[in-house]
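The values are calculated or read from the model by the stated rules, or taken from the named source; none is laboratory data. Computed from a predicted structure; not experimentally measured. No Cβ is skipped: glycine too gets one built from the backbone with ideal geometry, and neighbour counts run over all protein chains shown.
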Amino acid sequence: MDPATLIGLVLAFGALLAMITLEGSSVMAILLPAPMVLVFGATIAVGLAGGTMKDFISAFKALPGAFRGKTTPPQAVIDQVVGLAETARSSGLLALDQEADNVKDPFLRGALQNIADGTDGDELRMLLEDEIATRARSDRNAAKFFTGLGGYSPTIGIVGTVVALTHVLENLETPATLGPMIATAFVATLWGLLSANFIWLPIGSRLRRLADLEVDRMTLVMEGALAVQSGSQPRLLGERLRAMVPAELLPKVGATGKAGSEDSAGKSKSKSKSKSKSKGKGKGKDKDLPAAA
């Protein structure tokens, strides 16, 4: 789970709360039901009107995933594909059919089954690329929906303010209430801007980023599966797949390996020194022994 979205939203609303407190105001001054109902209700309704019912349902089904942010590390994918390559080299491509039963990822499972069935490499690449394109289009539709809500929300907030100001102009005969009524009218604009920049746009950006990461993962699986089919050497395959992944997404094993080699070298040096010292002591003792008669 990647808590970046939850942490970011908490910090953003915390900053807003801090500003309200420092200004000497109250949170209840902006928690007004009427403008909130208009902004949130009308924004979602307009978003629904701009697409299809299936788009609306699939977008909100993807909403929990935006907060969880669960992704598969690229190194785990590489290790799995390299293990399959070793199985294919030792037991043949037909053994991948049995390995497919233990694979949870349906995309990789389908690729392995097609390899075991003897599907041509070019046809398999076309099939996998089509699956990747379809998945990317579906995930990006959800991101596009919430990004669209972020575009509608400020304008709807302005609509709420105009409606409230119209009510203010109808009550000019009571000057004592004009100030509070005008302040209340601008709350709709506040919630329009707030919901767009604190909720809808971040969620849309998050879903788009997760969609890009999923496409990268599926592309990694596709290239690995095709390399397994062509009989690529496992170690070379692992290096090739790691070259396709940005360095910041891979575990930093270079420093650990270097430190480990230095430690082992230091240990071997100390062992050699201790051996040489023990040999020197042994020779010294031999010299001190009296000669046999």
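Which members of region 17-33 meet the condition of being free of Cβ contacts under 8 Å to residues at least 24 places away in the same chain, in a helix (DSSP H, G or I) and touching a helix residue (DSSP H, G or I) at 6+ places or on another chain (Cβ under 9 Å)? The answer is Leu17, Ile20, Thr21, Val27.
Kindly check whether there is at least one residue in region 181-188 that is among the β-branched types (Val, Ile, Thr) and either surrounded by 22 or more Cβ atoms within 10 Å (Cβ to Cβ) or at pLDDT 95 or above (or both). Within region 181-188, one or more residues are among the β-branched types (Val, Ile, Thr) and either surrounded by 22 or more Cβ atoms within 10 Å (Cβ to Cβ) or at pLDDT 95 or above (or both). Residues that are of a type in the set (Lys, Arg) and touching a Lys or Arg at 6+ places or on another chain (Cβ under 7 Å): does region 203-214 have at least one? Yes, the conditions are met somewhere in region 203-214. Across region 50-73, not a single residue is classified as of a type in the set (A, V, I, L, M), over 18 Å from Ser138 (Cβ atoms), touching a helix residue (DSSP H, G or I) at 6+ places or on another chain (Cβ under 7 Å) and touching a residue at least 12 places away in the same chain (Cβ under 8 Å). Of the helices (runs of 4 or more DSSP H) lying entirely inside region 71-156, those carrying at least 1 residues that are within 18 Å of Leu210 (Cα to Cα) and at pLDDT below 95 are 74-91, 106-116.
So for region 81-93 (the condition being within 18 Å of Gly204 (Cα to Cα) and of a type in the set (Lys, Arg)), does at least one residue qualify? Scanning region 81-93 turns up no residue that is within 18 Å of Gly204 (Cα to Cα) and of a type in the set (Lys, Arg).
Kindly indicate whether Leu149 is more than 30 Å from Ala66 (Cβ to Cβ), surrounded by 19 or more Cβ atoms within 10 Å (Cβ to Cβ) and touching a residue at least 60 places away in the same chain (Cβ under 8 Å). Here the answer is no, as Leu149 does not meet what is asked. Would you confirm, using the coordinates I've provided, whether Thr161 is part of a helix (DSSP H, G or I), surrounded by 14 or more Cβ atoms within 10 Å (Cβ to Cβ), over 26 Å from the mean Cα position of the chain (by Cα) and among the hydroxyl-bearing types (Ser, Thr, Tyr)? Taking the combined requirement at face value, the residue satisfies it.
Could you tell me whether Glu223 is buried (at least 16 other Cβ atoms within 10 Å of the Cβ), under 14 Å from the mean Cα position of the chain (by Cα) and closer than 30 Å to Leu93 by Cβ? It is false that Glu223 is buried (at least 16 other Cβ atoms within 10 Å of the Cβ), under 14 Å from the mean Cα position of the chain (by Cα) and closer than 30 Å to Leu93 by Cβ. Hey, does region 54-66 have a residue that's modelled with pLDDT under 90, outside any helix (DSSP H, G or I) and within 30 Å of Pro246 (Cβ to Cβ)? No, there is no match, as no residue in region 54-66 is modelled with pLDDT under 90, outside any helix (DSSP H, G or I) and within 30 Å of Pro246 (Cβ to Cβ). For region 174-214, a residue qualifies if it is over 16 Å from Thr161 (Cα atoms), over 18 Å from the mean Cα position of the chain (by Cα) and polar (S, T, N, Q), and the qualifying residues are Thr174, Thr177, Asn197. Kindly establish whether Gly14 is within 22 Å of Arg206 (Cα to Cα) and in contact (Cβ under 8 Å) with a residue 12 or more places away in the chain. No, not satisfied. Screening Val10 on (1) part of a helix (DSSP H, G or I); (2) surrounded by 15 or more Cβ atoms within 10 Å (Cβ to Cβ) shows it passes everything except condition (2). Just one residue in the set Leu194, Leu241 is touching a residue at least 40 places away in the same chain (Cβ under 8 Å), buried (at least 21 other Cβ atoms within 10 Å of the Cβ) and assigned to a helix (DSSP H, G or I); that residue is Leu241. Residues in region 114-130: is at least one surrounded by fewer than 17 Cβ atoms within 10 Å (Cβ to Cβ) and on the phi > 0 side of the Ramachandran plot? Yes; the residues of region 114-130 include at least one that is surrounded by fewer than 17 Cβ atoms within 10 Å (Cβ to Cβ) and on the phi > 0 side of the Ramachandran plot.
Flag set for Val168, criterion: surrounded by 15 or more Cβ atoms within 10 Å (Cβ to Cβ), β-branched (Val, Ile, Thr) and without any contact (Cβ under 8 Å) to a residue 24 or more places away in the chain. Of the residues making up region 201-238, those that are over 21 Å from Ala133 (Cβ atoms) and either touching a Cys at 6+ places or on another chain (Cβ under 6 Å) or assigned to a helix (DSSP H, G or I) (or both) are Leu201, Pro202, Ile203, Ser205, Arg206, Val228, Pro234, Arg235, Leu236, Leu237, Gly238. Going by the structure shown, is Met1 part of a loop (DSSP other than H, G, I, E, B) and either touching a residue at least 24 places away in the same chain (Cβ under 8 Å) or exposed (fewer than 11 other Cβ atoms within 10 Å of the Cβ) (or both)? The answer is yes for Met1.
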